[in-house]
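The values are calculated or read from the model by the stated rules, or taken from the named source; none is laboratory data. Since we're looking at a predicted model, the values are computed, not measured. With ideal geometry, Cβ positions are generated from the backbone for all residues, glycine too; neighbour counts draw on all protein chains shown. All accessible areas refer to the heavy atoms of the entire protein, side chains included, with ligands and DNA or RNA removed. Shrake-Rupley method; radii C 1.70, N 1.55, O 1.52, S 1.80 Å.
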Amino acid sequence: AQKVTQAQTEISVVEKEDVTLDCVYETRDTTYYLFWYKQPPSGELVFLIRRNSFDEQNEISGRYSWNFQKSTSSFNFTITASQVVDSAVYFCALTRGVYGSSNTGKLIFGQGTTLQVKP
Amino acid sequence: AAGVIQSPRHLIKEKRETATLKCYPIPRHDTVYWYQQGPGQDPQFLISFYEKMQSDKGSIPDRFSAQQFSDYHSELNMSSLELGDSALYFCASSPLTGTPNTGELFFGEGSRLTVL
């Protein structure tokens with residue numbers, strides 16, 4: 001069975017602080033994809049990153065960085081120098097990565113972490 | 001670039017009424033997924049379609065049905081609405097046919113259903 005756990009329900013930081021959102025996953029698949037989505041108060045799901053199970057390279061995109069460690073089944077997300085606009089719910093998600101499979105869009109989401117960045 | 005289009009964006013219904021949500025995938029995407037997100041919850045997979053056939057089913061109530069049409073758009077029909085059906089409903093699409101699975105998935109902006 002697949003499962004995603006985001007143990008942090010809510011995090012509150014002051015602007016310009018760095019913050020790390022944790023994500024731990026469980027899967028028996030050898031090929032899978034991990035995602036992070038941002039959901040602002042307006043409700044839409046904003047895609048942030050997709051990483052396949054064979055690529056453990058860390059990634060940096062501006063103030064965002066991701067640390068993928070298969071050894072600990074974790075895919076953590078760090079925001080550097082946080083801003084008020086970063087306030088949102090952040091979801092980590094997992095899907096299977098079978099070639100040609102029609103269930104690869106069946107994402108298993110974590111419970112989400114609500115990030116509040118105060119001015 | 002074209003995105004996934006969902007309509008209506010907002011819908012208010014009474015209990016026991018019926019609601020229909022529509023989803024227009026990105027052109028040349030042949031797979032559609034529906035998700036339901038209750039207040040304060042994470043999105044839950046409902047159902048998916050590939051080439052107009054149901055491909056997978058999640059925690060979708062029997063009161064709900066869905067289909068994918070020849071132009072690949074999909075409709076989610078919800079009958080005998082209950083208060084607990086109030087949620088944000090997301091549609092997502094992905095390209096599948098003839099492509100290696102890259103895990104690409106594109107979400108629409110969601111349809112917010114309120115049942116009174």
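Observations
- In the range A:52-72, the condition of being touching a residue at least 24 places away in the same chain (Cβ under 8 Å) and in contact with a Gly (Cβ under 7 Å, 6 or more places away or on another chain) is met by at least one residue.
- Qualifying position, being modelled with pLDDT of 95 or more, away from chain A (no Cβ under 13 Å) and either closer than 27 Å to residue A:112 by Cα or part of a loop (DSSP other than H, G, I, E, B) (or both), among B:76, B:113, B:88: B:76
- Every pair of residues 6+ apart whose Cβ atoms lie under 6 Å, when the first sits in the range B:46-70 and is within 12 Å of another protein chain (Cβ to nearest Cβ) while the second is open to solvent by less than 70 Å² (accessible area, probe 1.4 Å) and of a type in the set (Lys, Arg): B:56/A:106
- Restricting the range A:42-93 to residues that are aliphatic (A, V, I, L, M) and more than 30 Å from residue B:10 (Cβ to Cβ), the residue that is farthest from the other protein chains (Cβ to nearest Cβ): A:81
- For the range B:9-16, the criterion of being of a type in the set (Lys, Arg), within 12 Å of chain A (Cβ to nearest Cβ) and part of a loop (DSSP other than H, G, I, E, B) is met by at least one residue.
- Those residues of the range B:17-34 which are part of a strand (DSSP E or B) and either at pLDDT 95 or above or more than 15 Å from residue B:47 (Cβ to Cβ) (or both), in sequence order: B:19, B:20, B:21, B:22, B:23, B:24, B:34
- Cβ-Cβ contacts under 6 Å between residues 6 or more apart (or on different chains), taken from a first residue in the range A:4-27 that is more than 15 Å from residue A:87 (Cβ to Cβ) to a second residue that is of a type in the set (Phe, Trp, Tyr), are listed as A:4/A:25; A:23/A:75.
- Any strands (runs of 3 or more DSSP E) falling wholly within the range A:1-109 and containing at least 3 residues that are more than 22 Å from residue B:55 (Cβ to Cβ): A:10-14, A:19-21, A:24-26, A:32-39, A:46-52, A:59-61, A:64-69, A:74-79, A:88-96
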